[in-house]
There are 4 protein chains.
Amino acid sequence: MLLYLLADIMSEILIIATTNRTNSKTYQFAEYYRQLLLEQHGHTDILNLADLPTDFAFSALYENSGKNPVFNTQKALMDAAEKFVFIVPEYNGSFPGVLKTFIDGLGWPNSLAGKKAALVGISDGNLGGAHALSHLTDILHYLGCNVLSRLVRVPVMKKNFAEGKLQDDFVTQLVALQVKELLDF
Amino acid sequence: MLLYLLADIMSEILIIATTNRTNSKTYQFAEYYRQLLLEQHGHTDILNLADLPTDFAFSALYENSGKNPVFNTQKALMDAAEKFVFIVPEYNGSFPGVLKTFIDGLGWPNSLAGKKAALVGISDGNLGGAHALSHLTDILHYLGCNVLSRLVRVPVMKKNFAEGKLQDDFVTQLVALQVKELLDF
Amino acid sequence: MLLYLLADIMSEILIIATTNRTNSKTYQFAEYYRQLLLEQHGHTDILNLADLPTDFAFSALYENSGKNPVFNTQKALMDAAEKFVFIVPEYNGSFPGVLKTFIDGLGWPNSLAGKKAALVGISDGNLGGAHALSHLTDILHYLGCNVLSRLVRVPVMKKNFAEGKLQDDFVTQLVALQVKELLDF
Amino acid sequence: MLLYLLADIMSEILIIATTNRTNSKTYQFAEYYRQLLLEQHGHTDILNLADLPTDFAFSALYENSGKNPVFNTQKALMDAAEKFVFIVPEYNGSFPGVLKTFIDGLGWPNSLAGKKAALVGISDGNLGGAHALSHLTDILHYLGCNVLSRLVRVPVMKKNFAEGKLQDDFVTQLVALQVKELLDF
C-alpha cells in the first residue's frame, strides 16, 4: 500500500517526439525509449508533436495564447511532468523548428522552469544532432530547466536503429546510462 | 539607360521579419532597415513571416512539400534573392521557432545555399539575441549560406527603437556599417 | 560534534577564477562569491588560474601530462572538489583560452566528470559572457559535468561591481538564487 | 612580368595548425592542405602553434603584450595574411585552449579583423570537431573575420587520414570545394 502510494507520487516523465512529421523515426525512437524507462519507472508518457493543432503557431501564440483547447491539453501534459526526454531529429543543422515554436507557445513562466531534461539527438548523417542538442541546451537553460550532461547522439539512424530498437551496442549502453542518470537527476 | 540596366541586374536583397507575430516590432525594424538599404540599393523587399499560411508547418512540409501555393510564392521570393537580412527577435533564448520551421519548409537544396546573409538580433532584454544569432549562424552555415561577421544586436528595444527608428548612436553606426558591408559582401 | 562531522563530509566547492591575468576583476569577483558561499557552506576554496605555471601549456600537457608538480597540485584541488563555480570573464567573444588549456591538461577521465558546476560570466561590455558560458557548457557536458541552468551574467562590470561587491540589486538576487540552487544541486 | 607582379600582390593565405602538441596529426593535415592550396595559389604558409613560446600565455598577454619577440614574429605572420585556414583538432568537445590563448594574445584591433577564414575540424571520434568549429565561428565573428560557410569536418582520423593524405573520397571532395571557395571568397 505504501509502495503504491509512493509510486503514485513518482514524478511524471514526459518523452517528447520533437517533430511534427507523421510516422516518424523520432516517434519510434520515443516508443523505444519509453519501454526502457517503463522497466524502472511507471509514470512515463509520450507527447508527439505530430499531434499539435496544424495552425498552433498562429492559434496558440501571442494574442491567442491559451485560446486553443487542444494545445492547452498538450501544455497541461508539460505542466504536469517533472522530467523530460527530448528525442530530437537533426533538421537543417539544428532541431525541428516546430519544437521551438511549441516551446514559444508554452508561455511564461514556462512549463519547463525548475525541471530536468535528458536530450537525445538522432540523424541520418554523422553528427547525431550535435548542434541541435547544443542549441536546445541554451534554450532550456534560459528557461531554467537543468539538462543532464550525458547527451546521447545517434548518427546514421538507418544502420543504428532498426526493427524498433538500437542495433549498436555502444549507443545502447549510453542510453542505458542516460536512463539511469535521469532517474537519479 | 545604362544605370537602369545595371539596376536591373542588381542582386535582390530580401529582408526577413522572422516572427509570425502580427504588428511586430520586428516588422517595424525590417521597414526601417529597408529604408536604409533603399538609399543605396533599389532591389530590396521584405518577407514578413506573419504572412505565412497558418498551417504551413503541416501543409508545406514533408509529404506536403510544394503543395501549399501561398508558401510556394514565399519560397519563390527566397529563391529569387541573392542576399538576405534576418531581423531576429529573441524568443526564449533563441530565434522564433517559426523561422526555423520556415527554413525547414524550403527543401533541399535549400533556397539559402550559395547565398549571403546579414543578421540583426533585437530584444527587450540585454542580450540582443546573442544566442539566436549564433544558432542561426550554425544553421545558415549548414545550408551553405555565408554570414557577414558583423552581427548587429539591439538590446532594450523599448529604449533603443522608437518612432520607427533607432535612437542609439552607436547601434545606428553599427547598422550603417553592416549595410555597407552587406552590399560589398 | 555531529555538526562538525557533517561539516567534514560536506562536499568541497571550488571557485575557479578563469583568467591568468594578475590582480584581475575575475579574482575579485571570485573572492566576493566565496564570501557568499561561506555564509552557508564551510568548504569553499578558490583556484586562481593566474597561479598556473607559466609554461603549463607545454610542461603539463600531452607527453608531459603529470610531470609538472605545481600543476599536479592544482589538478589535485580539482579532483577533490565535488562542485565548481566558474567565474568567466569575456575575452574575444568567449572564455579566456587559458581556461580551456587548463581543462585540456586535466587528462581523462577528466577531474570534472560526474560533478556539478555553476557558471558566472562577467564583461566590460553588454553581453556578460553569454557566448563564453554557452561554449563552456558544451565542454562541461562533453566531460560529464552537470551545469546548473541558472547562468549569471554580469555585464558592464565597471558599473555593476565596485568596492569588492555587486552594485546592482537584480544581479545580486540572481547570484543569491544561484548560490542556493548550487547547494541543492 | 605582369603575371609575376600579379602573383606578388596575391593575398597571403596562412594555414594555422591550432594545437601546440608536437608532431601532431593536425600539423600533418596542415601540410596536406598546403599542398592542395599551392596547386592554385603561390602564397601559402603554415603557422604551427607548437612553435609558440612555452610561456606565451604569461609573457605575451596583458601587461606583457608586445614584449615577447618570438610571439611578435608569429603575430606579424597573422597581420600579413589576408585569409586563414584553421586546422582544428577536437579537444574535450571544443578547440584546443592554446588556440584561444593565441587569439587572446593578438591584441585589439585583432589581426583577424576584416579578414576571411576557412575552418577544418578533425577528430578521432565521430563529430569532426562540430562544436569546436561552431565556437570558433562565434569568436571569429566577434573579431570581424568572415567565415566561409563550408565547414569541413574530418571524423575518425585514424581511418580517414593516412600516409599524409585523406583516404575518404567524399571528404576529399569537400576539401577541394572549400579550397576553391576560399580562393573566391
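Considering only the Cα atoms of the protein assembly as shown, their convex hull presents on average a projected area of 36.1 nm². Globularity index of segment D:17-184 is 0.99 (Cα radius of gyration / 2.2 N^0.38 Å, N = number of residues). Taken over segment D:41-88, the ratio of Cα radius of gyration to 2.2 N^0.38 Å equals 1.26.
Taking +1 at the Cβ of each Lys and Arg and -1 at the Cβ of each Asp and Glu, which of A:GLY144, A:MET78, A:GLY164 sits farthest along the dipole of segment A:13-184 towards its positive end, judged by Cα position relative to the Cα centre? The residue sitting most towards the positive pole is A:GLY164. Each DSSP beta bridge with both residues in segment A:13-184 is either parallel or antiparallel, and the antiparallel ones are about 10%.
For segment B:135-181 versus segment A:22-75, the inter-centroid distance based on Cα atoms is 35 Å. With the simple spin-label model, which puts each label point 7 Å out from Cα in the Cβ direction, the A:ALA80 to C:LEU77 separation comes to 5.0 nm. Taking only Cα atoms and a 10 Å spring cutoff, compute GNM fluctuations for chain C and point out the largest among C:ALA117, C:ALA162, C:ALA60. Looking only at C:ALA117, C:ALA162, C:ALA60, the biggest GNM fluctuation is shown by C:ALA162. For segment C:41-57, 3J(HN,Hα) computed residue by residue from phi via the Karplus equation (6.51, -1.76, 1.60; θ = phi - 60°) reads 8, x, 9, 9, 10, 10, 10, 9, 5, 5, 8, 4, x, 4, 10, 4, 4 Hz, glycine and proline entered as x.
Cross-link pairs exceeding 31 Å between alpha carbons, from the set A:LYS115/B:LYS67; A:LYS75/B:LYS159; B:LYS116/D:LYS100; B:LYS83/D:LYS75: A:LYS115/B:LYS67; A:LYS75/B:LYS159; B:LYS83/D:LYS75. Largest GNM mean-square fluctuation across A:PHE170, A:PHE84, A:PHE102, computed for chain A with C-alpha springs under 10 Å, falls on A:PHE170. Mean per-residue shielding of peptide A:120-131 is 3, counting Cβ atoms of other chains within 10 Å of each Cβ. With each run of n ≥ 4 DSSP H residues scored as -39500 (n - 2.57), what mean residue ellipticity at 222 nm is computed for chain C after dividing by its residue count and rounding to the nearest 500 deg cm²/dmol? For chain C, the value works out to -12500 deg cm²/dmol. Inter-chain neighbour count for D:147-154: the average number of beta-carbon atoms from partner chains within 10 Å of each residue's beta-carbon is 4. For chain D, a simple Cβ point-charge model (Lys and Arg +1, Asp and Glu -1, everything else neutral) yields a dipole of about 260 debye relative to the Cα centre. In this assembly of identical copies, the label point of A:THR172 (Cα plus 7 Å along Cα-to-Cβ) is separated from its counterparts by 3.6, 5.7, 6.6 nm, sorted shortest first. When D:TYR91, C:TYR32, B:TYR142 are arranged by Cβ crowding within 10 Å, least crowded first, meaning fewest neighbours, the order is C:TYR32, B:TYR142, D:TYR91.
Note on A:GLU163, C:GLU39: ascending count of other Cβ atoms within 10 Å places them as A:GLU163, C:GLU39, the fewest first. Between copies, the label points at D:ALA113 (set 7 angstrom from Cα along Cα-to-Cβ) are spaced 3.7, 4.1, 4.3 nm, reported in nanometres from shortest to longest. Largest mean-square fluctuation among A:ALA132, A:ALA76, A:ALA17, in a Gaussian network model of chain A whose springs join Cα atoms under 10 Å apart, belongs to A:ALA76. Sorted from nearest, the other copies put their A:ASN72 label points 3.8, 6.7, 7.3 nm away, the label point being 7 Å from Cα in the direction of Cβ. Charges were assigned to the Cβ only: +1 to each Lys and Arg, -1 to each Asp and Glu. The resulting dipole of the protein assembly as shown about its Cα centre is roughly 0 debye. Computed from label points 7 Å out along Cα-Cβ, the spacing between C:LYS158 and C:ALA113 is 4.5 nm. Counting only DSSP beta bridges with both residues in the protein assembly as shown, the antiparallel share comes to about 15 percent.
Under a 5 Å amide H cut-off, with hydrogens placed 1.01 Å from N, B:LEU47 pairs with B:ILE15, B:ILE16, B:ALA17 among residues at least 5 apart or on other chains.
Read-outs throughout are calculated quantities, based only on the coordinates presented, and are distinct from any laboratory measurement. Because the structure is a prediction, the values reported are computed rather than measured. Positions of Cβ are generated from backbone atoms using ideal geometry, with glycine treated the same way; all protein chains shown enter the neighbour counts.
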